Amino acid sequence: MSSSATGAAVLIVLGILTAFGPLSMDMYLPALPELVDFFRTTPGKAQLTLSAFTIAFGAGQLVYGPVSDRLGRRKVLLVGIGIYALASILCVFADTIDELILARLFQAIGGAAGIVLSRAIIRDLFDKLEGARALSLMLLIPSLAALIAPFVGGYLLKFFDDWRLIFWVLFASGVVAFILGVMKLPETHPPEKRTKSTIKRAMRDYGVVLCHRRAAGYMICGGLSFATMFAQLSGTPFIYIDLFGVPPEDFGILFGLNVFAIMIGSYLNSRLVIRFGVRRMLAVGTTIALFGGFALVISVVYGGFGLFGVVIPVVIFMMPHNMVNANATAGAMEYFPHLAGTASAMLGFVRFGTGAVVGALVGYFHDGTASPMAYIIACCVIGSALAFWFLTDDSSEKAAKPV
């Protein structure tokens, strides 16, 4: 592999491709209350546009992973980007909330290629520690996208009062990503390393990944940590805008605090993981998340803290988000160097599947307060910490070997 393939340019392109998720979810968060009025539906039904995207984003990865192990990363990635761009146009022309939910499903199926194949490419190029560092650096770009996206969405609504413009912007981002993929992204999975995949073989490989105890522990740890993000994505637009009266254009400021905290966590992890290792950084990350989750529950239960009684605890448990997920990814994929696409796909499915369920639960139990979101987030951070401490410990698999 040439030095250019492992350089900053590739990480930047991969980061942009990974940004499909946060762009597609975060940019239209300020529009969720408006969707309720526009389509004359309920908050729970409007939140299904987020949950549907999340489910398909996870399920789509199950296809791209083994297919890329057989056909290579680059071609499969470009096909996915094309599907994403076309589906974004379908979102623009949706006339009912059900049509929008369906279009979001296809948008997610296309966008899933970006995140699953970016992780697989990182695994193709780097070992465990360097991979964790590369993932942390790469994830700074989707974190920046998540920081900017709510501002863009909020101000598009303020100045143009049309949620459809958000999906035109997403279409343009898909076109830009396709061009960058064609021009800058090399093939990192050469023919001699590819597998002859069938449905039966793919199912067997997924079974191998799932039945590896320590890898499964890392996946559960990362999945439940990831789910806290979807809990606050589903809950905070209604809590901030409806409950506390925050203007939609200012929602991005509060949301940006979360993303800024995530970027700090990513940067710290990229600087410290080589020195302290994956497990120590995971221990730190899960502990910080526990503190933030408990603080949120206490604040909501006892009340009297107002808007920032929610904002500050959310910022605290979101700070180690990428710290936990980058290290959990590196830990899980360490065992599958020849099944990087398959392992990455299962990892993504667990994360986004868990996120979809948690986000839907927040919508289902929505009662006009912050309590459902707070309790669900607390359960997630507890589960994430337990998975790390009890499923990934060295004693659970002393002789674990890569598959």
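The values are calculated or read from the model by the stated rules, or taken from the named source; none is laboratory data. Since the model is a prediction, treat every value here as computed from it, not as a measurement. For neighbour counting, all protein chains shown are included, and Cβ atoms are generated from backbone atoms with ideal geometry for every residue, glycine included.
Here are some notes:
- Residue list for the stretch 184-221, restricted to those being at pLDDT 80 or above, crowded, with 19+ Cβ neighbours inside 10 Å and of a type in the set (V, I, T): V209, I220
- Sole exception among (1) modelled with pLDDT of 90 or more; (2) surrounded by fewer than 24 Cβ atoms within 10 Å (Cβ to Cβ); (3) among the aliphatic types (A, V, I, L, M) for V278, by number: (1)
- Selection of the stretch 88-109 for residues being under 19 Å from the mean Cα position of the chain (by Cα) and either of a type outside the set (V, I, T) or over 18 Å from G58 (Cα atoms) (or both) yields S88, R104, L105, F106, Q107, A108.
- Answer residue from the stretch 282-298, given it is under 18 Å from L254 (Cα atoms) and in contact (Cβ under 8 Å) with a residue 60 or more places away in the chain and is farthest from the chain's Cα centre (by Cα) among those: L296
- Pair list, Cβ under 6 Å, 6 or more apart: the stretch 330-349 residue touching a residue at least 40 places away in the same chain (Cβ under 8 Å), other residue not in a helix (DSSP H, G or I): Y335/H212; Y335/P402; Y335/V403; F336/V403; P337/P402; A343/F336
- Taken together, the residues in the stretch 310-355 that are under 14 Å from the mean Cα position of the chain (by Cα) and charged (D, E, K, R) amount to 1.
- Flag if I55 is assigned to a helix (DSSP H, G or I), within 20 Å of the chain's Cα centre (by Cα) and surrounded by fewer than 18 Cβ atoms within 10 Å (Cβ to Cβ): no
- Qualifying residues in the stretch 246-270 (those that are touching a Phe, Trp or Tyr at 6+ places or on another chain (Cβ under 8 Å) and at pLDDT below 80) - the one surrounded by the fewest Cβ atoms within 10 Å (Cβ to Cβ): E249
- Among the residues making up the stretch 34-47, those that are surrounded by fewer than 24 Cβ atoms within 10 Å (Cβ to Cβ) and at pLDDT 80 or above are E34, L35, V36, D37, F38, F39, R40, T41, T42, K45.
- Test result for A113, crowded, with 22+ Cβ neighbours inside 10 Å, over 20 Å from V357 (Cα atoms), of a type in the set (A, V, I, L, M, F, W, C) and touching a residue at least 24 places away in the same chain (Cβ under 8 Å): yes
- Restricted to the stretch 58-83, and to residues there that are touching a Leu at 6+ places or on another chain (Cβ under 8 Å) and of a type in the set (K, R), the residue that is surrounded by the most Cβ atoms within 10 Å (Cβ to Cβ) is R73.
- When residues of the stretch 1-27 are limited to those that are outside any helix (DSSP H, G or I) and at pLDDT below 80, the one surrounded by the fewest Cβ atoms within 10 Å (Cβ to Cβ): S2
- Only listed residue being crowded, with 20+ Cβ neighbours inside 10 Å and touching a Phe, Trp or Tyr at 6+ places or on another chain (Cβ under 8 Å), chosen from M318, M346, M333: M346
- The residue list F171, F159, F151 contains one member that is at pLDDT 90 or above, surrounded by fewer than 24 Cβ atoms within 10 Å (Cβ to Cβ) and in a helix (DSSP H, G or I), which is F171.
- For the condition closer than 30 Å to K196 by Cα and within 20 Å of the chain's Cα centre (by Cα), V116 qualifies.
- Test: residue in the stretch 356-375 that is closer than 21 Å to P66 by Cβ, under 22 Å from the mean Cα position of the chain (by Cα), surrounded by fewer than 23 Cβ atoms within 10 Å (Cβ to Cβ) and at pLDDT below 85: no
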